[in-house]
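Report on the following structure.
The values are calculated or read from the model by the stated rules, or taken from the named source; none is laboratory data. As the structure is a prediction and not an experimental result, all values here were calculated from the model. FYI the Cβ positions are ideal-geometry reconstructions off the backbone, even for glycines, and counts take in every protein chain you see. Heads up: the accessible areas ignore ligands, DNA and RNA and are worked out on the full protein's heavy atoms, side chains in. Shrake-Rupley method; radii C 1.70, N 1.55, O 1.52, S 1.80 Å.
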Amino acid sequence: MSAPTTTSDDARVPTIARVTADFPGPRLKQIWETEPGVRGWFSTVDHKEIGLRYIVTAFVFLLLGGVEALVMRVQLAQPGMTLLTPEQYDQLFTMHGVSMIFLYASPILSGFSNYLWPLLLGSRDMAFPRLNALSYWVYIAAGVFIYAGFVVGEGPNAGWFNYVPYAAKQFNPGVNIDVYMLGLILLGISTTVGAANFVVTFLRLRAPGMSINRVPILIWGTLTASVANLLAVPAVSLACFLLWMDRQFGTHFFDASQGQPLLWQHLFWMFGHPWVYAIVLPAMGMVSDGLPTFCRRPLVGYTPVALSTVGTMALGFGVWVHHMFATGLPSLALSFFSGASIIITLPSAVAVFAWTATIWGGKPVFKTAFLFFASMIILFVIGGVSGFMTGSVPVDWQLTDTYFVVAHIHYVLIGINLFPVVGAIYYWFPKFTGRLLSERLGVWNFWTMFVGFNLGFFPMHLLGLMGMPRRVYTYASGMGWTTTNLIVSIGSFLFALGILLLLINIAISLKRGKLAGENPWDAPTLEWSVPSPPPPYNFAVIPTIESRHPLWEDQLNETSARSSLAEGLLLDEGRQTIATSALDGEPTLILNMPGDTLAPFILALGMSLLFASALFQAWWFVAAGAIIIAGALMAWFWPHQAHRAPDGAEPADG
Amino acid sequence: MDAAPGASSFSPAWPLGYLTTFGPRADPATTLTWGLMDISVAVIVIITALVVIGMLVKRVRAPAGEPPPVSRGGAGLNWIYIGVALTVLVLLGSMIWTVAVLAQINSPSGKPAFTIEITGHQWWWEARYLSPRPDQDFTTANELHIPVGQPVLIKVMSADVIHSFWIPALTGKTDTIPGRVNLGWLQASRPGVYRGQCTEYCGEEHAKMALFAIAQTPADFETWREGQVAGAVAPTKPEAIMGAALFSDHCGACHEVRGTSAGGLAGPDLTHVASRRTIASGILPNTTAALGGWISDPQTIKPGARMPATNLSGPQLNAVVAYLGTLK
């Protein structure tokens, strides 16, 4: 292995060490471990801790959104039910969408990626550990902020898409929409700093030798989603800010007399459609990485699948108008966006055929995780073809805003996000906790969810074709929808039972699950080379990578090169990891990583105070929030001379 | 009360379904919908079969806990090449078909007979029929009549928030956007009653914002039109005369009955309300009982509706209902 070069004049050759039972583990543990107690809990920057918090928090929002859905399904089980008032129903369906799309679907993937990225890449942390902590604290603050409005009966009530002018002050005078707008801006800060962190981590924190054609597909998925978020989130943050200005100060960005209501839809969907891909591509990556493990062979078509991930996202920025086919835009424009919306099927087809070929070319082992990953292919295809149908303008003019689209979005979000996520829980739970989930309960869990989901959501296609509109709090008998709605409601409760089985399995297995060991599935990627759960420093020495499947090299025996996992860079003078070149993964710098700090937590508190005060126009408290933010930032950026190594190693910022 | 004169009692099996349609604006899209749906079902069946058969055929039952060894087992890239090539062909065909249908239904083949301005309100529909002679213009609500076989131009607008105009048997959706006028057209190929519904979420009573298009023979339509152009006929029975006065006092600020002092514009025009099939935007049949119930307590039937409960005694209520019954 060539010695890493540094940009400094007084370059040094870092120590290369071999791992033994008591070296260098204990020393690194001392350096990397978060101090116990309350202070440590609030100040940790360990990506694994943050990742798990993301996963647990997102799952709580999934459960809240799920309960909201069940209440709505009771209301809709029969025509003319009066369980909910129209206003209650409107807040419920809005909060259901907000919870699932903003507070569950994206953060759960951030959680997995936060936990897994450094382990997959052979690094000891993310590029900016403190930003990582900030991203989590701001996320939970935004979630609590929006839910606080809902709990006091002032939750968002204009749909998660929040069309003006219904969401304007004139038609919606309460504080509901302001809660939503400010909450989304806050959440956008979290998403943005998280995305920047992933992009830089991808570019610089891969292990030596891990060129970009050797990273797992999950990395491609999250990277692509992160780049998309950096480009897309500003559109919605801007839209929210402008609407808040309209509502608070009487500006006229969106009103019909001096502004343009359609501007909202353009800004919202310029964000909204790329976002849909951002919340499925990392989950598709989980399938691309998990499925081959159980098929006992590498993924078929790594390069086409990686390229199609990026291609989906690129096309994903050119399809937002398909949410607006009925708004009266000119036919030429509609034809363009219709074409783009149909063509975007292609990169998805690449993935589907790659997965199918992987099954046919492999020797599938039916573990629960495999069942979730494999069934996702089928659900993906169902959600894909219904999207293909709505991409055709004349067809969409009938389908749009009916239950057909409700079916479509749930096949996409549950089929391509939740099924892979539950599969990923079965797959990586042993890494997170050291214990396997019960396979017996797992099989029950899978079939209950799979049958419940299809029973609950497939008939929605039929309801849509029979003309049932979306977002109705009730419907009349005599429309031909009664029986189907009852079936849908029963299916949704069965599906919820499946989620309950998952929770039971987790609760039991946390204490009594079989011990997993390092690599229970005989999987190929780096996270399986470290103990379960991984130590605070991840890797005792930084591994050096020679192929896409470092742990399968002996079995595949395709070249004579072998990745070096037990011998590598020691980097034990403080929290250190290695930075490598962007494409080839050549080592270039030793990074000194920041220690635990309360600054991100206090910064998030300051932001929360600022936003909450802005809601009530309490400007003095807004100022107080700004002062806390400034103080936290000063503490954050305060130069730490002591951390600057004397030998020219570059301090990493975080 | 009477159904619209001469209208056939035909209605689609699913009132809001669109897998069978009844007009040249909807029909080509319906054929396209079936076509794309057939393709979609075929794709689902093929891929599901491939995945399930692959899983079952290739499954190995490893001895307890020992995963079978890894091997590359054939490149398998041909799956991607062939699959994507077939997908490209299907997608290109679908795109061409889509654009062809779009061009076909964009505008009517013949000259439109007349224009209807349709305005969405929270939560009802206003329809203003325009005629070359301004004195022949008239306004009605929640019920469109059109002559069979003739294209009719529609201008779709909003009085408040965004709604979406949709009569699935005749046409797909057109959003009503404040500050804009969207154009469309309607044509029915057979007489019948076709249900419509607002499909853009517009507030509490979005669910209860239906309307009907009633397609009639040109002769029946002309009879209906002439009836609508005329003002209200003054009531003759004492109870109805009393009702007319009460209506003016209690209802006239929001509702218009042409030819009387009731001239409000906030709610639906009721000049010929007795000739309509339904009330309250398609949610109640137009019967004496339903009308009485609606007037006395609209907030139970349609919570949040803009119409307040009316403070009328029993006999007064009966008088107003009797008066409205004369407005044919």
Review point. So what's the angle, to the nearest 10 degrees on a 0 to 90 scale, between helix B:238-250 and the longest Cα principal axis of chain B?
Key: 70 degrees
Study note, to complete from the structure: Percent relative contact order for the range B:233-322, counting Cα pairs under 8 Å at least six residues apart, stands at 28 percent
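Between A and B, buried accessible area summed over both sides at probe 1.4 Å, in Å² to the nearest 100?
On the way: alone 25270 and 17440 Å², together 35110 Å².
Approximately 7600 Å², summed over both chains.
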**Study point:** Cα long-axis angle, helix A:419-433 against chain A (0 to 90 degrees, to the nearest 10)
**Key:** 30 degrees
Point to revise | For the range B:44-147, the fraction of alpha-carbon pairs in successive 10 Å shells from zero, as % | key: 10, 19, 17, 12, 13, 12, 10, 6, 1
Point to revise | Partner chain coverage, peptide A:257-266 - average Cβ within 10 angstrom | key: 3
Point to revise | Gaussian network model of chain B, Cα within-10 Å springs - most flexible of B:Val45, B:Val156, B:Val257 | key: B:Val45
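Can you give the accessible area per residue of the range B:122-187, in Å², using a 1.4 Å probe?
Solvent-accessible surface per residue comes out at 26 Å².
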Revision key, fill the gap. Averaged per residue, the 1.4 Å probe accessible area of chain A, protein heavy atoms only, in Å², is roughly 33 Å²
Practice item. Please give the residues from the range A:337-355 for which the solvent-accessible area of heavy atoms, probe 1.4 Å, is smaller by at least 40 Å² with all protein chains in place than with the chain isolated. Key: A:Ile342, A:Leu346, A:Phe353
Check your understanding: In the Gaussian network model of chain B, springs joining C-alpha atoms below 10 Å, which of B:His250, B:His145, B:His121 carries the largest mean-square fluctuation?
Key -> B:His250
Practice item. Considering only B:Met55, B:Met157, B:Met37, give the residue with the highest GNM mean-square fluctuation for chain B, with springs between Cα atoms whenever their separation is below 10 Å. Key: B:Met55
Exercise for review: Mind pulling the angle between the C-alpha long axis of helix A:261-278 and the longest principal axis of chain A? Nearest 10 degrees, somewhere in 0 to 90.
Suggested key: 40 degrees
Review point. Using a simple charge model, +1 on the beta-carbon of Lys and Arg, -1 on the beta-carbon of Asp and Glu, nothing else, what dipole does chain B show about its Cα centre, in debye to the nearest 20?
Key: 1000 debye
Check your understanding: Given H placed on each backbone N at 1.01 Å, which residues far from B:Thr176 in sequence or on other chains put an amide H within less than 5 Å of it?
Key -> B:His163, B:Ser164, B:Phe165
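Can you pull out the chymotrypsin sites (Phe, Trp or Tyr not before Pro) in the range A:276-340 that DSSP calls coil and that have at most 15 other Cβ atoms within 10 Å? Don't jump to the answer; show the numbers that get you there.
Numbers: sites: A:Tyr277, A:Phe294, A:Tyr302, A:Phe317, A:Trp320, A:Phe325, A:Phe336, A:Phe337; in loops: A:Phe317.
Those that pass, being in a loop and sparsely packed, are A:Phe317.
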Exercise for review: Report, as an integer, the average count of C-beta atoms from other chains found within 10 Å of each Cβ along B:48-57.
Suggested key: 6
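So how much slack lies between B:Leu265 and B:Thr217, counting 0.36 nm per residue of separation and subtracting their Cα-Cα distance, in nm?
Numbers: separation 48, 0.36 × 48 = 17.28 nm, distance 3.10 nm.
Roughly 14.2 nm would be gained on extension.
Which whole-number percent is the relative contact order of the range A:69-202 (Cα, under 8 Å, 6+ apart)? All intermediate terms of the calculation are to be shown ahead of the outcome.
Details: 118 pairs, mean separation 41.4, N = 134.
Relative contact order of the range A:69-202: 31 percent.
So if we plug the beta-carbon distance of B:Leu92 and B:Val45 into 1/(1 + (r/R0)^6) with R0 = 22 Å, what FRET efficiency do we get, rounded to 0.05? It would help to have the intermediate numbers written out before the result.
Numbers: r = 22 Å, r/R0 = 0.98.
E between B:Leu92 and B:Val45, to the nearest 0.05, is 0.50.
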Practice item. For the range A:291-308, list whatever residues lose no less than 30 Å² of accessible surface once every protein chain is in place, relative to that chain by itself, with the probe at 1.4 Å. Key: A:Arg296, A:Arg297, A:Val300
**Study point:** Phi-based couplings in Hz for the range A:151-166 (Karplus 6.51, -1.76, 1.60; Gly and Pro marked x)
**Key:** 5, 8, x, 10, x, x, 9, 10, x, 5, 7, 6, 5, 8, x, 4
Check your understanding: In whole angstrom, how far apart do the alpha carbon centroids of the range A:577-616 and the range A:202-222 sit?
Key -> 20 Å
Exercise for review: Quickly work out the B:Ser109-to-B:Ala85 label distance, labels modelled 7 Å from Cα along the C-beta direction, and quote it in nm with one decimal.
Suggested key: 4.0 nm
Exercise for review: For an R0 of 30 angstrom, estimate the FRET efficiency from the Cβ-Cβ distance between A:Leu63 and A:Glu33 and round to the nearest 0.05.
Suggested key: 0.45
Practice item. Go through the range A:480-485 residue by residue and turn each phi into a ³J(HN,Hα) via Karplus (6.51, -1.76, 1.60, θ = phi - 60°); whole Hz please, and just put x for glycine and proline. Key: x, 10, 5, 4, 4, 5
Revision key, fill the gap. Of the candidates A:His273, B:Leu36, A:Ile487, the farthest towards the positive dipole end of the protein assembly as shown (Lys/Arg Cβ +1, Asp/Glu Cβ -1, centred on the Cα centre) is A:Ile487
**Study point:** Inter-part distance where the range B:61-125 and the range A:311-362 are each reduced to a Cα centre, Å
**Key:** 8 Å
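Provide the net charge surrounding A:Ala239, with neighbours chosen by a C-beta distance below 15 Å and charges set as Lys +1, Arg +1, Asp -1, Glu -1. Don't skip to the answer; put the middle values down first.
Numbers: positive: A:Arg247; negative: A:Asp178, A:Asp246, A:Asp255.
Charge balance near A:Ala239 sits at -2.
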Practice item. Given a cut-off of 25 Å, name the pairs among A:Lys511/B:Lys58; B:Lys173/B:Lys208; A:Lys514/B:Lys58; A:Lys169/B:Lys155 whose C-alpha atoms lie farther apart than that in the structure shown. Key: A:Lys511/B:Lys58; A:Lys514/B:Lys58; A:Lys169/B:Lys155
Review point. Per-residue mean of other chain beta-carbon atoms within 10 angstrom of the beta-carbon, peptide B:174-185?
Key: 5
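Would you mind telling me the share, in percent, of accessible area of the protein assembly as shown contributed by carbon and sulfur at probe 1.4 angstrom? Show your work: numbers first, answer last.
Working: 23340 of 35110 Å².
The C+S portion of the solvent-accessible surface of the protein assembly as shown is 66 percent.
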Exercise for review: Could you work out how far the C-alpha centroid of the range B:192-208 sits from that of the range A:147-167, in angstrom?
Suggested key: 21 Å
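Within 12 Å, Cβ to Cβ, of A:Met210, how many net charges do the neighbouring residues add up to if Lys/Arg are +1 and Asp/Glu are -1?
Details: positive: A:Arg204, A:Arg206, A:Arg214, A:Arg548; negative: A:Glu546, A:Asp584, A:Glu586.
Result for the neighbourhood of A:Met210: +1.
For the protein assembly as shown, build the convex hull from the C-alpha positions and give me its volume per residue in Å³. Let's see the in-between values first.
Details: hull volume 163.2 nm³, N = 982.
Roughly 166 Å³ of hull volume per residue.
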**Study point:** Label-point gap, in nm, between A:Ala624 and A:Lys511 - each point 7 angstrom along Cα→Cβ
**Key:** 4.4 nm
